[in-house]
Amino acid sequence: MAELHLVGQLLGGGGFQLNNLFCKFTIEAGANFRLLQGLTTGQTHCDYPNADEPAVWAHPIDVHWSLKGIDGWPKLLIEVWGVDQFGRCELAGYGCCMVPTHAGTHELTVRTWRPCGNLREQITSAQ
């Protein structure tokens, strides 16, 4: 039976409205993948960088699966959260990417998005 090892880290993030950021993540895999070792969900610490600097998490990921086939190849789902001046957590963005299918060293950039609501919701949230 084939095996897949995913070893890496969530390095950091930037370009969000809030500076104090942390990341929640999940690695989803299909029914052909059986988890042998490691955690497929987690959360980084909250980094408080200076203004206009990216947050640095350097959160390790080490997951090991056995697999019967490539259907349901793993993907990384992330939620980036920010902490405001009152200590409240606010969603900064969602994103996802596929785990690379070939061996080697890879640097992945995950673009995030955030729902903005309808016009009324945007106006009331700005107050």
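The range 15-62 holds strands (runs of 3 or more DSSP E) entirely within its bounds, and those carrying 2 or more residues that are of a type in the set (D, E, K, R) and at pLDDT 95 or above map to 21-28.
Exactly one residue out of 16, 25 is within 20 Å of residue 114 (Cα to Cα) and in contact (Cβ under 8 Å) with a residue 60 or more places away in the chain, and it is 16.
Would you point out the residue of the range 12-38, among those that are surrounded by fewer than 18 Cβ atoms within 10 Å (Cβ to Cβ) and under 10 Å from the mean Cα position of the chain (by Cα), that is farthest from residue 54 (Cα to Cα)? Step by step, filter the range 12-38, then rank; the result is 26. Every test in (1) surrounded by fewer than 14 Cβ atoms within 10 Å (Cβ to Cβ); (2) out of contact with any Gly (no Cβ under 9 Å at 6 or more places or on another chain) is passed by residue 83 save one, and that test is (1).
Among the residues making up the range 18-47, a single one is β-branched (Val, Ile, Thr) and touching a His at 6+ places or on another chain (Cβ under 9 Å): 44.
The values are calculated or read from the model by the stated rules, or taken from the named source; none is laboratory data. Given the structure is predicted, the values throughout are model-derived calculations rather than measurements. Please note: Cβ atoms are built from the backbone with ideal geometry, for glycine as well, and neighbour counts cover all protein chains shown.
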